Amino acid sequence: MRTLLLSIFIFFSFHLEATAQDSVYYSVLWTPTHSYQRAGVKQEGVFWHSYKNGVLQDSILLETKIYDSLGQLLRLDDYQRNKMRTRFQYHYSGRRLDSIVQEEIWLSAKIIHRHSYDDNGNLLGKQTFSRGRKTVQERYVYNNVNQLFQIYRQISDGPEMLVSEYKYRSDRLMQQIDYLYEGSNAANNFSYIYTYANGNRTATKLFQRMGKEKRLIDCIRTYNEQAQLVEKINPPLPKTDWLPPDVYPRSEEFVETFVYHSNGMLAERQVRVNDKLVAVEKHVYVYNR
């Protein structure tokens, strides 16, 4: 059996800045590094290198990950300007994720996320604690054939509110509706409606506010017959006062395309901004015999 020894991801973008004298070329190199064990990846890190006219200007560590012998993520460290800002530690019971300890180094704060399950292994709830106080609680509801049906969320001592609903046809997910509420007023809410084809999300979003329907497309994903993502389009989003806080306005269209090897592994990713190619990411895999 062949074992994956090394994967090299090369990401580079280019930008042309015209001046009266000459042109200046900028590029970046995104290089994950990996070490492997029999079960798969043992440790990986991601670095960002920036260049100007081919000369290295800066190298930045973005994140590191450590895995156990089963291939489960044990720790993720997030960096900013080579300084660790956040550490996530993952705790399991067998294959079930029991809790995540989130340490915000720069704030000297610790956040704990706890998970609970039913006898069928379904996730029943998530609880988030900060400074010993429960800040968020989520409750998961399943239908009579063990499919996720609804998710409810309660923030601090506020009311429990429906945040997600799922609709199925036979065993296929057909629609997902996510709700975001303004404060505690359930009448002022945003509704995200995702539709699915062949089990893959086409990700059309519908935003609502104060009973008025607002229709914007935040992201469109296209899949091939092998259920592989082949195109992702993020059209422009105008800046408005009713965009949810986790959705940011943008003035340009971003298009990502994906190409795969015959074995299903990702071979190349291209990024275009307003139809101009700005980035190419190539995936190279090396195996032993």
Got a sec to turn the phi values of the stretch 125-134 into Karplus ³J(HN,Hα) couplings, 6.51 cos²θ - 1.76 cosθ + 1.60 with θ = phi - 60°, whole Hz, x for Gly and Pro? x, 10, 10, 10, 10, 9, 6, x, 10, 6
Express in nm, to one decimal, how much length is gained between THR222 and MET84 on full extension, taking 0.36 nm for each residue of separation and deducting their alpha carbon distance. 46.1 nm
Cut-off 13 Å, label 7 Å out along Cα→Cβ of ASP98, residues of the stretch 107-127 by amide N: 114-117
Extension reserve of the GLU252-ASP275 stretch, reckoned as 0.36 nm per residue once the Cα distance is removed: 7.3 nm
How large is ³J(HN,Hα) for each residue in the stretch 150-163, as worked out from phi by the Karplus curve 6.51 cos²θ - 1.76 cosθ + 1.60 (θ = phi - 60°), to whole Hz, x for Gly and Pro? 8, 10, 10, 9, 10, 9, 6, 9, x, x, 7, 10, 5, 10
How big is the Rg/Rh ratio for the stretch 103-162, C-alpha atoms only, Rh by Kirkwood, two decimals? 1.08
List every residue whose amide H lies under 5 Å from the amide H of PHE149, counting only residues 5 or more places away in sequence or on a different chain, with H placed 1.01 Å from N in the peptide plane. VAL141, TYR142, ASN143
The FRET efficiency for GLU268 and ALA109, from their Cβ-Cβ distance with R0 = 51 Å and rounded to 0.05, is 0.80
Potential extension, ASN143-ARG75 segment - 0.36 nm per residue separation minus Cα distance: 21.1 nm
Using label points projected 7 Å from each Cα along Cα→Cβ, tell me how many nm separate VAL136 and GLN57, to one decimal. 3.5
In order through the stretch 85-96: 3J(HN,Hα) via Karplus (6.51 cos²θ - 1.76 cosθ + 1.60), integer Hz, x for Gly, Pro: 9, 9, 10, 10, 10, 10, 10, 10, 10, x, 9, 8
Amide H neighbours of LEU74 under 5 Å, at least 5 residues apart or on other chains, H built in the peptide plane: list them. ILE66, TYR67, ASP68
LYS42 long-range amide H proximity, modeled H, under 5 Å: SER35, TYR36, GLN37
Nearest-0.05 FRET efficiency for ARG169 and VAL259, computed from C-beta distance (R0 35 Å): 0.65
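Bear in mind that the values in this text are calculations on the coordinates, not laboratory data. Remember, it's a predicted structure, so these values are computed and weren't measured experimentally. Heads up, the Cβs are rebuilt from the backbone with ideal geometry, glycines too, and the neighbour counts pull from every protein chain shown.
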